[in-house]
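Written below as structure tokens is the structure these notes are about.
The values are calculated or read from the model by the stated rules, or taken from the named source; none is laboratory data. As the structure is a prediction and not an experimental result, all values here were calculated from the model. Cβ atoms come from the backbone with ideal geometry, glycine included; neighbour counts cover every protein chain shown. To get the accessible areas, we keep the full protein, side chains included, count just its heavy atoms, and leave off ligands, DNA and RNA. Shrake-Rupley method; radii C 1.70, N 1.55, O 1.52, S 1.80 Å.
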Amino acid sequence: MSLNHVRPWRNIYRRKSRQIMVGSVPVGGDAPIAVQTMTNTLTTDVAATVAQVQAAAEAGADIVRVSVPDEASSKALKEIVRESPVPIVADIHFHYKRGIEAAEAGAACLRINPGNIGDEKRVQEVIKAARDHDCSIRIGVNAGSLEKHLLEKYGEPCPDAMVESGLEHIRILQDNDFHNFKISVKASDVFLSAAAYQGIAEATDAPIHLGITEAGGLVSGTIKSAIGLGNLLWMGIGDTIRVSLSADPVEEVKVGYEILKSLGLRHRGVNIISCPSCARQGFDVIKTVEALEQRLEHIKTPMSLSIIGCVVNGPGEALMTDVGFTGGGAGSGMVYLAGKASHKMSNDQMIEHIVEQVEKKAAELDAAAEAAE
Ligand code: SF4
């Protein structure tokens, strides 16, 4: 992220982590914070899983994780990896053989805890497979499945226990001279998660995968994730994020991006600034914003659009956006381009007109970015 010298209160100083590659996607260092999600189809249903991966990638996912619970899933994984437009992470629990199979199948990363897959020989075999196939590893500590000896030592899942668990897994990889890993310390409780992540961020330079696990449904999970992940990202912690929702993976990707966009850490698509509306509104703000969100989903160019009900806040917000519309009287409003009042437009034609203006602006910005390369 480039630092903003004019508005220093917007600056976020990212923790310095080393960089690893998850397939073609860099994670850590100064790489953009990668957005992840996870499929919820049966992995053995290759067509359905690939469709879900593609939809997530279209929505902006940089990396997608797929569960590999059995041998049939390992076989399917090979086809999924071949068809996927983004790197695939294989989610493995306990079965070291699945880890080896997934690395051989072309997974870009294994989510596996080396301390939970058996004796040293098995661990070494998984690490060898990862190394042979240029596959990274994510250590995924979870408050809900902490090792018995740590629960006995600490009495309950707590930040220190989670950090210790993470460091134990890290040590196993390092003892095997394997450094191509990142780490997460997730909990469903935002306080526990945030404290554990702060602890692990201080204890290692490994890239950090952020997540609030089992966050809940679309609304409650979004809020929980925005508070938990938002706080950590604001502190500069986090190199890749996954928002866990009991919802479609595409929603997870959208929410992940919105969190990063709110903090200026990544930019993608149209950032709509709209007022809540009230009796002063010159047009139906809520319906208009709903319609525009759908109509502008295809725009990937980072840009801003203000949709404001009346002149109380309209001109001020329009000053700071690429395209703006402010409600006025007599069934029409003012269109703003690059912050300046441009022309009037009737309310019944404004949605169509704004879509055209946004598409035009996006094409201009794309051309300018291409010329600057
Ligand atoms: S901008 Fe105007 S319409 Fe929108 S909430 Fe404020 S006063 Fe109401």
Inside the stretch 237-283, the number of residues satisfying the requirement of being open to solvent by 20 Å² or more (accessible area, probe 1.4 Å), more than 16 Å from the ligand (Cβ to nearest atom) and more than 23 Å from ALA362 (Cβ to Cβ) is 5
All but one of (1) over 17 Å from the mean Cα position of the chain (by Cα); (2) buried (at least 23 other Cβ atoms within 10 Å of the Cβ); (3) within 24 Å of ALA107 (Cα to Cα); (4) of a type in the set (S, T, N, Q) hold for SER165; state the number of the condition that does not hold. (3)
With MET320, MET334 as the choices, which residue is within 16 Å of the ligand (Cβ to nearest atom) and farther than 17 Å from VAL285 by Cα? MET320
Filter pass, VAL289 being open to solvent by 10 Å² or more (accessible area, probe 1.4 Å), part of a loop (DSSP other than H, G, I, E, B) and within 16 Å of the ligand (Cβ to nearest atom): no
If I ask for residues that are part of a loop (DSSP other than H, G, I, E, B), within 17 Å of VAL64 (Cα to Cα), among the β-branched types (Val, Ile, Thr) and touching a helix residue (DSSP H, G or I) at 6+ places or on another chain (Cβ under 6 Å), which ones from the stretch 213-246 would you list? VAL243
What about LYS360, is it away from the ligand (no atom under 14 Å from the Cβ), outside any loop (DSSP other than H, G, I, E, B) and within 31 Å of the chain's Cα centre (by Cα)? yes
Could you grab the pairs with beta carbons closer than 9 Å, sequence gap of 6+ or different chains, first residue in the stretch 257-285 and more than 19 Å from CYS310 (Cα to Cα) and basic (Lys, Arg), second one open to solvent by less than 40 Å² (accessible area, probe 1.4 Å) and part of a loop (DSSP other than H, G, I, E, B)? LYS261/GLY269; ARG266/ILE33; ARG266/GLY60; ARG268/GLY60; ARG268/THR301
Test each condition in (1) of a type outside the set (Asp, Glu); (2) in contact with a helix residue (DSSP H, G or I) (Cβ under 7 Å, 6 or more places away or on another chain); (3) without any contact (Cβ under 8 Å) to a residue 12 or more places away in the chain for VAL6 and report the one that comes out false. (2)
